[in-house]
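The values are calculated or read from the model by the stated rules, or taken from the named source; none is laboratory data. Computed from a predicted structure; not experimentally measured. Cβ coordinates were reconstructed from backbone atoms using ideal geometry, including for glycine residues, and neighbour counts include every protein chain displayed.
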Amino acid sequence: MSAGERDVEAEVATASIGREGRRAALALFRELVAPYKWLVAGMVVTLLCDIVGMLYIPTELAALVNTAIAARDADALAGHGVSMLVAAVVGSGGCIASYYLASKFAANVGRDLRVRVYQKSLELAHSDFEQFGTGSMITRTLSDANVVQQMLLMGFIMMGPVPVTCVVAILLAFGVDPVMGRLLVAVTLVILVIFGLAVWRSAPIFVMLQSFIDRMNVRLREYITGVRVIRAFGRESRERERLDSTFESYADRAIRVNLVFSTCDCATFFLMNVVESTILWVGADRVGAHAMQIGSISALIEYAMLIMFFMMMAQFAILQMPRGLACLSRAAQVLSATPVILDPEVPAELPSGDDVPAEVARFDHVSFRFGDADEDTLHNLDFALRRGEVTAVIGNTGSGKSTIAKMLLRFHDATGGRLLFLGRDVRDVSQHELRDRISYVPQRAWLFSGTIAQNLRDGDTKATDERLWHALDVAQASFVHELPDGLDARVSQGGTNFSGGQRQRLAIARALVRKADLYVFDDSFSALDFKTDAALRHALSGELEGAATLLIAQRVSTIRGADQIVVLDEGRLAGVGKHDELVRTCPTYRAIVESQQMEGGEADGE
Ligand SMILES: Nc1ncnc2c1ncn2[C@@H]1O[C@H](COP(=O)(O)OP(=O)(O)OP(=O)(O)O)[C@@H](O)[C@H]1O
């Protein structure tokens, strides 16, 4: 076996979904189909009309030739003609209706699957996502659901007619002449063996094609998102080689499958001619022996052709089955994943109105470790965020600042101690209610495609234009006033048609549109110049008086006026206090201040 072949074999092995996967896929399939029982019943009835109509025509034609034409009986001729017309109408009507119903059924099931996987993905935490990979999650939501949809449509339209056609056609052939009936049985068995071999040979490659789509998706995403870095470092040819090799591997497997198909196609057309000649030859003998009439030969040829035609179609559909099952099992994996972050069965209510405590959040000896890490990222953190106060978090890169912000939003749960929000353990509150009371500006300011107004209203869907303008003014996003379309100015995906600083200010404005108990700014001022940074903090101080503010920053100038500064050193609390006090008492803080003074980075922004 060559290295390439071994490679393929290994891929085939990993592509197989196993018994558990098959069971999960079939269970999901039953769940998806259950709501459409009546639609399926309609599909079966209309399909039967189609097939019976189709087989009745050659039977009537044979009777017409054998009796009406031979006896020159005009009435019988007209009778057979009318029967054939009725059969044609019933058959065609059944065909159109069954195609329509099958398309509706497949589209509905595909949509349901897509919606279920998408909704599940919204429940999953970041670490759950990592388990599947973002590229694979996209393939599972879009491409896999399409494959399942195709499988259902093709399965019904192409495979559905096979058993009925074979049984009815063989019975009709036995009715004409037992020898011809046996001949049709033999033809059916030979074709079954040939097509079975083709399916056995290409099915694993088909399943593998789906994992190749995952791989292409990952590579392409990486290439497209990192295109500037690739160009800047002159890595185009290396990246192109990587892409080419992925595409070539996919093309190679696709060509193999197509080769098997085309060989089958040729074999089928050759067989059709062989079968036709055999029926004519054996049939002529049987007519000569007065075992059957000459008109029946055309009916027998028609039966054989219909059997072969539907079997050929079924072979394409059968090949979709393992791939469709693999896609269903991949969807089932996502649907059965238990999110790391779960809502409690009976969520506690957060206090509101006069009951709201002054202490908005408290890290009560909190530690945290990532699932795949060997040691804690945060160690025994103990501090509180209070209403009307600005708490700043500073520390070297990788010291755990963003992790603190994410824990407040329950993107991660404490692995030691507890995190309280308005006096309740965050694990006792529903994620929706918790996040509703917090306004968050992520480290990477992400905007959605649409308009500025649409993005800002993510903070509060009911916000008036006046409130949006006010939030923009507080966020120092005056540049929006200068845009010809103002609030209706277009935002491209990710906000890439704005500069980093503009994006940050828009993301801050979005957070300000929401009325919250806690505002979290995760390194949100880093792309702002010192003057804008100072003006923004000044405007914010009046705006957020009634709430607690958590300000994560790298620059001392951004946080020196904070009511409380939390200094982190490799996830440990190095000090908590005000600027002057920390400069005196906390060596880690002093080192940060001094390093920024040396760089000239700590310009006095006030
Ligand atoms: N998904 C993850 N799995 C494992 N470790 C992680 C994961 N995300 C972050 N970390 C690690 O946790 C530590 C803290 O990361 P965090 O993003 O909170 O740091 P930070 O102080 O905000 O850094 P920066 O100032 O560079 O934004 C880092 O050492 C990082 O490598």
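Among the candidates R427, R444, the residue that is closer than 29 Å to T225 by Cα, out of contact with any strand residue (DSSP E or B) (no Cβ under 6 Å at 6 or more places or on another chain) and either within 16 Å of the ligand (Cβ to nearest atom) or not in a strand (DSSP E or B) (or both) is uniquely R444. Considered as a group, the residues in the stretch 140-173 that are part of a helix (DSSP H, G or I) and touching a Lys or Arg at 6+ places or on another chain (Cβ under 8 Å) include one that is surrounded by the most Cβ atoms within 10 Å (Cβ to Cβ), and that residue is D144. Does R387 count as free of Cβ contacts under 8 Å to residues at least 60 places away in the same chain and under 16 Å from D517 (Cβ atoms)? No; evaluated as a whole, the condition is false for this residue.
Of the numbered criteria (1) surrounded by fewer than 17 Cβ atoms within 10 Å (Cβ to Cβ); (2) assigned to a helix (DSSP H, G or I); (3) of a type outside the set (S, T, Y), the one E545 fails is (2).
Quick check on the stretch 464-472. Is at least one of its residues in a loop (DSSP other than H, G, I, E, B), hydrophobic (A, V, I, L, M, F, W, C) and either assigned by TED's automatic domain parsing to the domain that holds F383 or under 28 Å from the mean Cα position of the chain (by Cα) (or both)? Checked the stretch 464-472: no residue is in a loop (DSSP other than H, G, I, E, B), hydrophobic (A, V, I, L, M, F, W, C) and either assigned by TED's automatic domain parsing to the domain that holds F383 or under 28 Å from the mean Cα position of the chain (by Cα) (or both). In the stretch 560-573, the residue that is surrounded by the most Cβ atoms within 10 Å (Cβ to Cβ) out of those that are in contact (Cβ under 8 Å) with a residue 60 or more places away in the chain and more than 13 Å from the ligand (Cβ to nearest atom) is I565. When the stretch 123-166 is limited to residues that are modelled with pLDDT of 80 or more and of a type in the set (D, E), the one that is nearest to the ligand (Cβ to nearest atom) turns out to be E123. Give me the residue from the stretch 587-598 that is of a type outside the set (D, E), away from the ligand (no atom under 16 Å from the Cβ) and at pLDDT below 90 and, out of that set, surrounded by the fewest Cβ atoms within 10 Å (Cβ to Cβ). By that ranking, first place goes to M598.
Does at least one position in the stretch 532-543 carry a residue that is modelled with pLDDT of 90 or more and under 25 Å from V360 (Cβ atoms)? No. Quick one: how many residues across the stretch 171-191 are under 27 Å from C266 (Cβ atoms) and touching a residue at least 60 places away in the same chain (Cβ under 8 Å)? The qualifying residues number 8. The residue list L77, L55, L48 contains one member that is touching a residue at least 40 places away in the same chain (Cβ under 8 Å) and under 30 Å from V287 (Cβ atoms), which is L55.
Please verify whether the stretch 74-93 includes one or more residues that are in contact with a Pro (Cβ under 7 Å, 6 or more places away or on another chain) and either crowded, with 19+ Cβ neighbours inside 10 Å or not in a helix (DSSP H, G or I) (or both). For the stretch 74-93, residues in contact with a Pro (Cβ under 7 Å, 6 or more places away or on another chain) and either crowded, with 19+ Cβ neighbours inside 10 Å or not in a helix (DSSP H, G or I) (or both): absent. Within the stretch 330-388, track down each residue that is closer than 21 Å to E123 by Cβ and hydroxyl-bearing (S, T, Y). Correct list: S336, T338.
Between S492, S449, S499, S439, the distinction of being modelled with pLDDT of 85 or more, hydroxyl-bearing (S, T, Y) and surrounded by 23 or more Cβ atoms within 10 Å (Cβ to Cβ) belongs to S439 only. The set of residues from the stretch 49-73 being surrounded by 18 or more Cβ atoms within 10 Å (Cβ to Cβ) and over 17 Å from G175 (Cα atoms) comprises C49, D50, I51, G53, M54, A68. Evaluated against (1) over 30 Å from the mean Cα position of the chain (by Cα); (2) surrounded by 20 or more Cβ atoms within 10 Å (Cβ to Cβ); (3) over 15 Å from D382 (Cα atoms), F421 falls short on exactly one condition, (3).
Of all residues in the stretch 250-298, those that are in a helix (DSSP H, G or I) and in contact with an Asp or Glu (Cβ under 9 Å, 6 or more places away or on another chain) total 4. Within the span defined as the stretch 538-545, every residue fails to be within 16 Å of the ligand (Cβ to nearest atom), in contact with a strand residue (DSSP E or B) (Cβ under 9 Å, 6 or more places away or on another chain) and closer than 28 Å to H432 by Cα. Exactly one residue out of V257, V282 is modelled with pLDDT under 85 and over 30 Å from L408 (Cβ atoms): that is V257. The set of residues from the stretch 496-536 being within 16 Å of the ligand (Cβ to nearest atom), out of contact with any helix residue (DSSP H, G or I) (no Cβ under 6 Å at 6 or more places or on another chain) and not aliphatic (A, V, I, L, M) comprises G500, Q504, F521, D523, S526. For the stretch 313-335, taking the residues that are among the polar types (S, T, N, Q) and over 30 Å from C266 (Cβ atoms), the one that is surrounded by the most Cβ atoms within 10 Å (Cβ to Cβ) is identified as S329.
Is it true that some residue in the stretch 98-116 is within 16 Å of the ligand (Cβ to nearest atom), touching a residue at least 40 places away in the same chain (Cβ under 8 Å) and over 30 Å from V52 (Cβ atoms)? So far as the stretch 98-116 goes, no, none of its residues is within 16 Å of the ligand (Cβ to nearest atom), touching a residue at least 40 places away in the same chain (Cβ under 8 Å) and over 30 Å from V52 (Cβ atoms).
For the stretch 127-147, the set of residues classified as closer than 30 Å to F368 by Cα and among the hydrophobic types (A, V, I, L, M, F, W, C) consists of F129, F132, M137, I138, listed by residue number. For D473, the criteria (1) touching a helix residue (DSSP H, G or I) at 6+ places or on another chain (Cβ under 8 Å); (2) at pLDDT below 90; (3) surrounded by fewer than 20 Cβ atoms within 10 Å (Cβ to Cβ) hold in every case but one, which is (2).
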